[in-house]
1. Could you grab the relative contact order for the chain? Cα pairs under 8 Å, six or more apart, rounded to a whole percent.
2. So if R0 is 45 Å, what FRET efficiency would residue 147 and residue 55 give, r being the distance between their Cβ atoms, rounded to the nearest 0.05?
3. Among 244, 181, 162, which comes first, then next, by fewest other beta-carbon atoms within 10 Å?
4. For n ≥ 4 DSSP H runs only, could you compute -39500 (n - 2.57) per run for the chain, divide by its residues and tell me the 222 nm figure to the nearest 500?
5. Compute the Cα gyration tensor for segment 43-178, then decide on rounded, prolate or oblate, letting a ≥ b ≥ c be the square roots of its eigenvalues: rounded whenever a/c is under 1.5, prolate when a/b is larger than b/c in the other cases, and oblate in all that remain.
6. Starting from the Cα of residue 26, step 7 Å along the direction of its Cβ; do the same at residue 72; then give the gap between the two resulting points in nm.
7. Peptides 82-91, 117-126, 50-59, 139-148: what's the order by average Cβ count within 10 Å, highest mean first?
8. Suppose we look only past 14 Å in the calculated P(r) of segment 97-142. What percent of the Cα-Cα pairs does that tail hold?
């Protein structure tokens, strides 16, 4: 059972300068609107206006409190960092504009392990679905491993993550493709591994317009940045702690 005093924001970073992804964002909002645990805020952030914003607000006015903030971001990581700062909830659930929640208890299952304060962040399983054919391309039951520094991401896209805002480490805006791998390392090194919910609870949309298609060319350079960002001084396996250069004060 989720306590009544828990406050939750669902953060949707938007990048739609050509105003062509209203249907995707509407699908994301629909999946939020049926959750048993309703968020206190759904926050859309973008570095441009959203022409269909009022249409979305009207469509979901009976179920969701939708807010919009304009950022000065030049990257996805910057946009997310801005959105987290602007979020009202003690807990923040990330959801990208082309993704959606599965079932009606994704938010409940994401929040539950965080309430004891033992875990600072949680991750759920995901299925990558082709938006044209609606076929499942792949599925991930999340598992954090140190191989993520080599680009082996067994957690999934950031839409699988929920975290306590007091324990958020900013994403590196220098990274365009592997900012999520770097961020997972930052969170784990500073606050420990995430709680892994072993069920598929997020639908990750796959389509031609995604930035990952062009950003993959940056892999070699960005792996070097990951290595630079996480120079381990020592590792304490029994304590699940890493003494890394990424630690925050």
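Read-outs throughout are calculated quantities, based only on the coordinates presented, and are distinct from any laboratory measurement. Being a predicted model, the structure only gives us computed values, none of them experimental. Backbone-built Cβ (ideal geometry, glycine too); neighbour counts: all protein chains shown.
1. Dividing the mean separation by the residue count of the chain yields 20 percent.
2. For residue 147 and residue 55, the calculated efficiency is 0.55.
3. 244, 181, 162
4. -7500 deg cm²/dmol
5. Rounded is the answer for segment 43-178, as its axis ratio a/c remains below 1.5.
6. About 3.5 nm separates the two model spin labels.
7. The most tightly packed comes first, giving 117-126, 82-91, 139-148, 50-59.
8. Looking at segment 97-142, the distances longer than 14 Å represent 60 percent of pairs.
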